[in-house]
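Asker: I have a structure I would like to understand better, so I am pasting it below and will then ask my questions one at a time.
The values are calculated or read from the model by the stated rules, or taken from the named source; none is laboratory data. Everything numeric in this text was worked out from a predicted model, so none of it was measured. Note that we place each Cβ from the backbone using ideal geometry, even for glycine, and neighbour counts take in every protein chain shown.
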Amino acid sequence: MSDDSATPGYRREAVEEWVSDCSRLSSPFVWERLEGGHSNLTFLIIDADGNRAVIRRPPLGELLPKAHDMKREFTVISALDATDVPVPEPIALCEDTSVTGAVFYVMGEVGGQALYTAEAVEEWLGVEQRGQVGPSFVETLAVLHSIDPETVGLGGLARHDGYVARQLRTWYGSWQASREAADFDDVRIHELHDEFIADLPDQGPARVVHGDYGMHNCMVSAEGHVVAVLDWEIATLGDPLADFAYAMNGWFDPADAVQVSHETATSAPGFSRRAELIERYEAISGRSLENLGYYRRFNYFKTACILHGVYARYRMGQKSPEGVDLDAMKDRMIGSINLAASKSF
């Protein structure tokens, strides 16, 4: 009898039987928890023949309706597996929640290392190799944005039009709904919402957008190349420039007038400057970046609204604040509003 307490969220015996029946893997499995700062319950599994794979399911407890969508994630990596976008091998999807209480899937293990902090970079990459990361990071995103979703079976993933307008409606609505619980409001959020609506750029053809593309969701080889992109659960169809701007906001640059964090992965010495990456993306994609400032400010607005909602849930007691610095979260929220309101981009 397996000890399920060591694998929260998984009924090991039932899961191993299902995976063995539906994939090339053979039970029994060795299970190892993979920690990566994400709430999804993710384990490395090693089968009886030494084959290694990764199993992934949503966290325990009540979830928001569209959060932690494992089927969506599996669908996207399955579609992209035959393209030049590096994704893990899709092995099997289980939609039968009687097996372990939730939808889960199995994917191939990929090499490399996710880089969450400057400390992780120092341990994984030499200074020379860090110079390879930025170009690979941008080229990978440009390849994703070059794919017509219809050609890979993702044309029905979401609406093709109005991506930024829908995002503004969603996140402004979140801010409004969280004001009382957060006990915090900022008039600039309302002004920015109206400004962004009035100045909406025309969206080109819809492309698959990752939604959270950053170093934390890329596996990087010891040579500094992106070998896999992970965490596709919020991927959708939308405006690729919004996706690119989000990635650039997360890329530390020592020239920034406002420094969001000195602990991010790309704050370590040796990485490309943001301006170099912007130039490279423009050259590869062929897209005009004249409105990049708008998209960057929009993404800071979105980040502020997301943080506001999380902050409100902590204050309401819906999430345990143990080990969480709420003052720092509030400061980051205000910092994001400051950047959204900035005219320096």
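Asker: Scan the stretch 190-238 for residues that are closer than 29 Å to S39 by Cβ and assigned to a loop (DSSP other than H, G, I, E, B) and report the count.
Answerer: 16
Asker: Restricting the search to the stretch 35-67, which residues are modelled with pLDDT under 80 and polar (S, T, N, Q)?
Answerer: Matches in the stretch 35-67: S39 only.
Asker: Next question, about the same structure. Quick check on P86: is it crowded, with 16+ Cβ neighbours inside 10 Å, in a helix (DSSP H, G or I) and under 20 Å from the mean Cα position of the chain (by Cα)?
Answerer: Judged against the criteria, P86 is not a match.
Asker: Same structure, new question: What is the one condition in (1) closer than 25 Å to R52 by Cβ; (2) at pLDDT below 95 that E119 does not satisfy?
Answerer: Answer for E119: the failing condition is (1).
Asker: Next up: Given the residues E123, E73, which is the only one that is assigned to a helix (DSSP H, G or I) and either over 30 Å from Y281 (Cα atoms) or in the same structural domain as V208 (by TED's automatic domain parsing) (or both)?
Answerer: Step by step, each of E123, E73 is checked, and only E123 is assigned to a helix (DSSP H, G or I) and either over 30 Å from Y281 (Cα atoms) or in the same structural domain as V208 (by TED's automatic domain parsing) (or both).
Asker: Pick from the stretch 144-178 the residues that are β-branched (V, I, T) and in contact with a strand residue (DSSP E or B) (Cβ under 9 Å, 6 or more places away or on another chain): which of them is surrounded by the most Cβ atoms within 10 Å (Cβ to Cβ)?
Answerer: V164
Asker: Taking the condition at pLDDT below 95, assigned to a loop (DSSP other than H, G, I, E, B) and under 30 Å from E279 (Cβ atoms), does G111 pass?
Answerer: yes
Asker: Have a look at A328, A340, A283 and point out the one that is assigned to a helix (DSSP H, G or I), surrounded by 15 or more Cβ atoms within 10 Å (Cβ to Cβ) and of a type in the set (G, A, S).
Answerer: The unique qualifying residue is A340.
Asker: Same structure again: Is it true that D183 is assigned by TED's automatic domain parsing to the domain that holds E282 and at positive phi?
Answerer: Judged against the criteria, D183 is a match.
Asker: Restricting attention to the stretch 306-332, report how many residues are in contact (Cβ under 8 Å) with a residue 40 or more places away in the chain and either aliphatic (A, V, I, L, M) or farther than 30 Å from V133 by Cα (or both).
Answerer: So the answer is 9.
Asker: Still on this model: Can you tell me which condition G224 does not meet? The list is (1) among the small types (G, A, S); (2) within 28 Å of D69 (Cα to Cα); (3) buried (at least 16 other Cβ atoms within 10 Å of the Cβ), and all the others hold.
Answerer: (2)
Asker: For the stretch 255-280, give me the residue count where each residue is buried (at least 16 other Cβ atoms within 10 Å of the Cβ), under 29 Å from D199 (Cα atoms) and among the hydrophobic types (A, V, I, L, M, F, W, C).
Answerer: Of the residues in that region, 3 qualify.
Asker: Take the residues in the stretch 291-325 that are among the aliphatic types (A, V, I, L, M) and either outside any helix (DSSP H, G or I) or under 21 Å from the mean Cα position of the chain (by Cα) (or both), then tell me which one is farthest from T170 (Cα to Cα).
Answerer: Per the stated criteria, the residue is V324.
Asker: Pairs under 8 Å by beta carbon, first residue of a type in the set (G, A, S) in the stretch 201-215, partner in a strand (DSSP E or B), six or more apart or different chains?
Answerer: A206/L237; A206/G238; G211/T236
Asker: So, one more: Of the numbered conditions (1) more than 18 Å from H216 (Cβ to Cβ); (2) in contact (Cβ under 8 Å) with a residue 12 or more places away in the chain, D81 satisfies every one except a single condition; which is it?
Answerer: Going through the list (1) more than 18 Å from H216 (Cβ to Cβ); (2) in contact (Cβ under 8 Å) with a residue 12 or more places away in the chain, D81 breaks only (2).
Asker: Condition test on R188, is it of a type in the set (K, R), over 25 Å from R287 (Cα atoms) and exposed (fewer than 14 other Cβ atoms within 10 Å of the Cβ)?
Answerer: So R188 does not fit the description; no.
Asker: Here's something else I'd like to know. Can you find, within the stretch 155-165, the residue that is farthest from the chain's Cα centre (by Cα) among those that are part of a helix (DSSP H, G or I) and either free of Cβ contacts under 8 Å to residues at least 60 places away in the same chain or under 9 Å from A206 (Cβ atoms) (or both)?
Answerer: Among those residues, the one meeting the criterion is A165.
Asker: Just one of (1) under 30 Å from P135 (Cα atoms); (2) buried (at least 19 other Cβ atoms within 10 Å of the Cβ); (3) modelled with pLDDT under 95 trips up Y295, so point out which.
Answerer: Every condition holds for Y295 apart from (3).
Asker: Given the structure, is L93 assigned to a strand (DSSP E or B), in contact with a Lys or Arg (Cβ under 8 Å, 6 or more places away or on another chain) and in contact (Cβ under 8 Å) with a residue 40 or more places away in the chain?
Answerer: Taking the combined requirement at face value, the residue does not satisfy it.
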